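Asks: There's a structure below that I have some questions on.
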Amino acid sequence: MNPRRLWSCLKMQLRTFYREKSSLFFTFFFPVLLMILFGLIFQNTGDTRYTIHVQDQDDTPLSHNLTEVLGHIKNIDVVKINKTKDADAVVKSQDGNFLVIIPKGYQDTIIAKKTYNPNATVNLTIKYDPGQTSTSIKLSIVNAVLQQVNKGLVGQKDTIYVKTESIVTHKFSYIEFFIPGIIAMTVMTSAVFGAILDDNEYKQKGIIRKLSTTPITRSEWILSNMMYQVILAFMSTALILVVGYIVFKASLFINIWLPVIIVFETFGFVGLGMLVTRLVKDAQAAAAVSNVITFPMMFLSGTFIPVEQMPGFLQSVAKVLPLYYANESLRSAMILADYVAAGTKAVVLMVFAIIVFIAGVLGTTWKQD
Amino acid sequence: MSGKASKKSGKKPKKAAAEDPSPKDEGHNGYYIEVQDLVKVYGDIRAVDGISLKIKKGEVFAFLGPNGAGKTTTVEMIETIRTPTSGTIKLMGMDVSKRIQEIKKVIGVLPQEFSSLDLLRTRETLEFYAGLYDRQADLDKLLAAVGLKDHAKQYYKNLSGGLKRRLGIAVALVNDPEVIFLDEPTTGLDPQGRREVWKVIADLKKAGKTIFLTTHYMEEAEVLADHIAIIHKGKIIAEGTVDELIDRYGSGLMMTFSGVGKDFEGTVKGLGYTVEECKNAHVCLTVKGKDELVKALAEIDRSGAGFKEVNVRKANLEEVFLKLTGETLKEGEEP
């Protein structure tokens with residue numbers, strides 16, 4: 001690796017990038033425009049709603065009260081499940097992924113705690129599908145509610161009534177859901193199409209052939225392309241975040257996972273673009289194939305709406321799409337600061353990136369036949 | 001292999017250079033490019049079919065042939081970017097299949113149909129390519145040398161065809177190379193642009209650079225080259241200097257009579273001359289040299305066969321090629 005050669009390529013690519021108005025538009029202005037449009041459209045239609053299932057095995061006034069408290073939380077719909085139903089089946093079903101079970105003896109324990117046994121405890125069981133962002137949100141909400149309830153008990157108040165308005169730990173609106181999605185989408189499209197269009201231009205203009213007669217190696221050339229794509233991805237992400245903050249006051253966590261996920265995503269999708277150019281020689285056909293790959297992926301991976309709001313079989317489809325993992329890991333990191341969830345999904349993305357990128361590199365020709 | 005080529009190799013035994021087990025940079029014996037029995041096969045097609053070449057340091061070598069004759073395939077094998085099916089290539093004594101990185105540092109290549117990015121300025125294009133080398137030419141001097149000083153800040157897309165090609169040549173020179181490969185440097189240019197490029201190449205020749213030029217323009221080879229090889233269907237069919245080739249394969253002096261009378265052709269034939277096919281109702285005949293020319297003119301004049309003008313010119317490479325292959329070197333002709 002020769003840093004001067006890398007820098008020379010990078011400088012050339014950045015120079016032509018900022019002079020090319022259409023690439024500026026698609027990398028920067030288009031995602032921002034999309035974000036503003038969607039933000040405005042969904043601003044007044046209310047926030048994303050989440051469903052929590054509750055199985056009340058106690059069936060007492062106090063347990064009813066707890067169910068009611070959960071139901072009062074903004075954006076939360078409570079669905080009551082019959083005592084006799086199988087809890088696991090509910091969680092596995094398409095519309096339930098989060099079930100709170102209030103055990104038999106809940107009321108008795110609370111009464112005991114408040115009268116003769118201060119050490120009495122009761123365990124609520126929560127069954128959930130950890131594969132989805134929404135469950136972590138629900139979990140944090142339920143935990144906050146229970147905290148309030150517990151506080152009420154310790155405080156020796158005579159009722160466990162809680163003010164529901166103050167319970168939500170992190171209020172988040174559609175725009176905060178959407179921004180990680182639009183970041184993941186922009187990184188994907190700019191990586192796939194960047195790889196295809198640049199490769200086509202360099203080939204057509206004889207630049208690849210020319211480069212192959214100079215001391216630069218294939219790996220140096222690919223690495224400089226990657227660095228270029230990563231820089232573009234960082235710049236567009238920064239712009240989306242800044243505009244999101246200025247226009248919508250979107251409050252999102254910025255942490256180390258954000259750049260890490262973006263790097264994984266860029267490598268994966270540039271690799272995909274390289275593979276497509278290898279398999280589909282004609283540039284226009286390659287662009288069409290990329291559209292066929294990326295466009296449905298945008299809708300199926302939860303860029304615009306949460307995956308859990310889609311029909312069950314489409315949810316299964318989402319889970320094999322790399323963009324889904326980019327979306328989910330970004331949301332875990334940026335909305336919830338849930339590093340474990342972000343990391344778990346980022347690993348899936350990383351595996352995809354490694355496989356596809358290596359295949360893409362191997363498919364890139366340097367020497368002529 | 002032509003008679004000439006074997007005569008050449010007689011002067012300098014091929015064996016010594018080709019079989020040197022440990023080639024060094026200095027092991028080139030004055031030959032900067034040595035190609036021995038080079039073959040490139042694609043499927044059933046022998047694109048390059050047993051070519052041998054020797055090009056001296058400081059020489060302008062023209063590789064001449066119609067499109068599809070195997071010129072670019074050959075040149076790309078020498079440039080290390082294509083792998084030969086068999087045969088050996090040495091560049092400045094270095095084996096091209098082994099010392100790829102070292103060779104890439106000392107060659108400068110203008111690929112066929114090369115262009116730069118539309119939104120890169122002239123100087124930036126040079127900076128980009130220069131940045132790929134440790135050894136770099138002075139870019140300002142280079143711009144001046146190819147006549148692009150006043151266009152240094154222009155975007156590539158705004159340059160004329162001739163200027164674009166001159167930039168391509170400048171790009172081939174950013175590392176101050178020892179050997180320069182120019183693949184069809186004037187194809188697609190108008191006569192003005194072609195002449196501009198020729199001047200640049202002539203200047204490089206003056207500066208003592210070794211140049212490997214591929215072209216299908218006979219005129220270009222005649223104007224620029226010290227040494228020519230004609231390739232046809234993957235084989236070298238003739239090799240030598242321009243004069244040597246014309247002397248050997250050309251037909252002497254061509255006399256073209258215009259404004260001739262009705263019985264002119266018959267009269268000339270009656271005098272024992274062979275009349276050749278000719279355009280525009282002209283009558284053409286070929287004579288060996290100056291003496292025969294004077295004699296023929298005198299005889300025709302005495303015979304009373306009337307004509308207005310006679311034009312005399314030396315045979316050119318076009319005719320040599322035609323004679324050797326029975327084909328013309330037309331642009332766009334595919335085998």
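Quick note: the coordinates plus some simple rules give every number you see, no bench work behind them. Source: prediction; values computed, not measured. Cβ atoms come from the backbone with ideal geometry, glycine included; neighbour counts cover every protein chain shown.
Asks: Within a 10 angstrom radius of each residue's Cβ in B:163-172, how many Cβ atoms of other chains show up on average? Whole number is fine.
Replies: The mean count of partner-chain Cβ atoms within 10 Å per residue comes to 1.
Asks: While we're looking at this one, here's another question. Using a ≥ b ≥ c from the Cα gyration tensor of region A:252-319 (square roots of the eigenvalues), is it rounded, prolate or oblate, where a/c under 1.5 gives rounded and otherwise the larger of a/b and b/c decides, a/b for prolate? Working shown, then result.
Replies: Numbers: a/c = 2.84, a/b = 1.28, b/c = 2.22.
Oblate is the answer for region A:252-319, as a/c is 1.5 or above yet b/c matches or exceeds a/b.
Asks: Hey, with R₀ at 41 Å, roughly what FRET efficiency would B:Asp226 and B:Leu297 work out to, going by the Cβ-Cβ distance, to 0.05?
Replies: Details: r = 34 Å, r/R0 = 0.84.
The value I calculate is 0.75.
Asks: In terms of the Cα gyration tensor, with a ≥ b ≥ c the square roots of its eigenvalues, is region A:188-315 rounded because a/c is under 1.5, prolate because a/b exceeds b/c, or oblate?
Replies: Details: a/c = 2.58, a/b = 1.51, b/c = 1.71.
In terms of gyration-tensor shape, oblate.
Asks: Could you work out the local net charge near A:His64, counting Lys and Arg as +1, Asp and Glu as -1, over the other residues with Cβ closer than 10 Å to its Cβ?
Replies: Combined, the nearby Lys, Arg, Asp and Glu give -3.
Asks: How would you classify the protein assembly as shown from its alpha-carbon gyration tensor, with a ≥ b ≥ c the square roots of the eigenvalues: rounded for a/c under 1.5, else prolate if a/b is greater than b/c, otherwise oblate?
Replies: Prolate is the answer for the protein assembly as shown, as a/c is 1.5 or above and a/b outweighs b/c.
Asks: For the pair B:Gln154/B:Asp134, report the inter-label distance in nm, with labels modelled 7 Å from Cα in the Cβ direction.
Replies: Computed distance between label sites B:Gln154 and B:Asp134 equals 3.6 nm.
Asks: Out of the DSSP beta bridges found with both residues in region B:3-247, what percent are antiparallel (nearest 5)?
Replies: For region B:3-247, the DSSP antiparallel bridge percentage is about 55.
Asks: Calculate how many DSSP beta bridges within chain A are antiparallel, expressed in % of all such bridges and rounded to the nearest 5.
Replies: DSSP beta bridges in chain A are roughly 30 percent antiparallel.
Asks: While we're looking at this one, here's another question. Could you compute the FRET efficiency for A:Val320 and A:Gln284, with r as their C-beta to C-beta distance and R0 at 35 Å, rounded to 0.05?
Replies: According to the calculation, E is roughly 0.80.
Asks: Distance in nm between label sites at A:Leu40 and A:Phe313, each 7 Å beyond Cα in the beta-carbon direction?
Replies: Output for this residue pair reads 3.8 nm.
Asks: How many nm is it between the label spots at B:Glu276 and A:Phe25, if each spot is 7 Å from the Cα in line with the beta carbon?
Replies: Label at B:Glu276, label at A:Phe25, 6.0 nm between them.
Asks: Further, regarding this structure: What is the calculated FRET efficiency for B:Lys141 to A:Asn2, with r their C-beta to C-beta distance and R₀ = 22 Å, to the nearest 0.05?
Replies: 0.35
Asks: Here's something else I'd like to know. Which value in deg cm²/dmol, rounded to the nearest 500, describes the helix-derived mean residue ellipticity at 222 nm for the protein assembly as shown, given -39,500 (n - 2.57) per DSSP H run of n ≥ 4 and division by the residue count?
Replies: -16000 deg cm²/dmol, from helical runs alone.
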